[in-house]
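Read through the structure below, which is laid out as structure tokens, and then see the notes.
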Amino acid sequence: MVATLRLIENPALVSCHSELTDTDILWCDLLQDERFSQEIRKLSQYVVDYRANLKNHLDHKLAEPHLFLLCSREKVRFNIFKRPRYNFLTKKTTFHFLVGKEERKVSAAVKLGDHFFENTPHPKVLLEPKFVTLLTSKNEDITLSVHDFLFGTGIDVEVESKVVATGSSPSPYWEGAQSLVSALSHEASKHMSSDTDLLVYLGGFDCNVLAIKGDREVEPESLGMPNGEGAKTLALMLARAYSIYFLGESENKPALRSAYGNLLRYMRNRNLVRITLTHFYEFDSEYLHLGSDSREYALNHEFVITLEDGVMHIDGEPFQPSFT
């Protein structure tokens, strides 16, 4: 996934190229301690260990500047009443899923050897509604959530990923939280529903700033922008830009107004008149087609935020959130 941020001041050009790397897609529902503890007696030790490793991994990731998108999807569960079936001729295993509130039945065949164990095409499968554990005789056992499994194998169950919120880590709004994971979990809980699953798309990024005035390169300080703009501030501004783009017609008006006001102030304080963002993935997957009520679902998104006579525009159209 690559995001490009270019900041332009007339008559000088200030550009910041930000490449998002190491994108993780994690199931937010698994972060809820209370929800998980209610189910723990029904879960295998494989799942308990999986979740502990997940929280430890996420805690380390959140400690570094990252941008994240929270995406809501129709819930998907393994159909544990229909066991996976292995075909010795095709070397494919058929899995069965229940999709959405109405539990639509979907089946798909996949070669597990192509994705997990090259030399073990037919591992033992331990199914739970939200998890699958693949067991081999070589101590290479692996536990996956249903979303890990679907994304990893490329199975398409015709479900869209709707962006419902954006943010950055470590967030200035998380001060005083017990941990970064608990802070993200608390923020995600505002968007959780019993009928949907909530995923967090978490990406790190690299950033290089270049300033051109006239026909020569100058230090960004001379343009009112500190050299080496803080990664945390950049992540926060990227998150606000994505909020404005994806949530333009959202019912979450307080979040949209906050993103709009802060980004507008940021641009005015630095005399910035143009921000261009390009967000794309290098491979295709159902999980990577993001959209919202305001934006079509697509693998790639590119948009421009400009400031013209003090008025913010998105792709040339004036934008100001409703204050009522």
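The values are calculated or read from the model by the stated rules, or taken from the named source; none is laboratory data. Remember, predicted model here, so these are calculated numbers, not experimental data. With ideal geometry, Cβ positions are generated from the backbone for all residues, glycine too; neighbour counts draw on all protein chains shown. In case anyone asks, the SASA skips ligands and DNA or RNA and just uses the protein heavy atoms, side chains included. Shrake-Rupley method; radii C 1.70, N 1.55, O 1.52, S 1.80 Å.
At 1.4 Å probe size, what's the solvent-accessible area of Glu160? Round to the nearest 10 Å².
The accessible area of Glu160 comes to roughly 110 Å².
Could I have the simple spin-label model distance between Asn262 and Ser107, label points 7 Å from Cα toward Cβ, reported in nm to one decimal?
4.9 nm
Run the simple label-point estimate for Glu308 and Glu34 please: 7 Å along Cα→C-beta, distance reported in nm.
Rounded to a tenth, the inter-label distance reads 4.8 nm.
If each of Ser294 and Ser182 carries a label point 7 Å out from its Cα toward its Cβ, how far apart are those two points in nm?
Using points 7 Å along Cα→Cβ, the separation is 3.3 nm.
Whose amide H sits under 5 Å from the amide H of Ala165, counting only residues 5 or more places off or on another chain, with H placed in the peptide plane?
Under 5 Å from the amide H of Ala165 lie the amide H atoms of Leu70, each far enough along the sequence or on another chain.
Rounded to the nearest 0.05, what FRET efficiency do Thr90 and Lys124 give with R0 = 22 Å and r taken as the Cβ-Cβ distance? Could you check?
0.70
Length gain on complete extension for the stretch Tyr281 to Phe81, per 0.36 nm per residue less the alpha carbon to alpha carbon distance?
68.4 nm
Rank Met192, Met312 by accessible area, highest first, at a 1.4 Å probe radius?
Result, largest first: Met192, Met312.
Could you give me the ³J(HN,Hα) list for the range 305-311, computed from phi with Karplus coefficients 6.51, -1.76, 1.60 and θ = phi - 60°, whole Hz, x at Gly and Pro?
For the range 305-311, the Karplus curve yields 10, 10, 10, 10, 6, x, 9 Hz.
If you take the beta carbon distance between Glu217 and Ala63 as r and set R0 to 35 Å, what does 1/(1 + (r/R0)^6) give as a FRET efficiency, to the nearest 0.05?
About 0.55, to the nearest 0.05.
Peptides 125-136, 81-92, 65-76: what's the order by average Cβ count within 10 Å, highest mean first?
Per-residue Cβ counts within 10 Å, averaged per peptide and sorted highest first, yield 65-76, 125-136, 81-92.
Under a 1.4 angstrom probe, counting protein chains only, how are Lys162, Lys124 ranked by accessible area, largest first?
Lys124, Lys162
For the range 276-290, just list the computed ³J(HN,Hα) in residue order, Karplus coefficients 6.51, -1.76 and 1.60, θ = phi - 60°, integers in Hz, with x standing in for Gly and Pro.
Karplus values, whole Hz, x for Gly and Pro: 10, 10, 10, 10, 8, 10, 8, 9, 9, 6, 3, 5, 9, 8, 9.
If amide H atoms are built 1.01 Å from N in the plane of the peptide, which residues on other chains or at least 5 residues away come under 5 Å of the amide H of Leu290?
For Leu290, the qualifying residues are Ala298.
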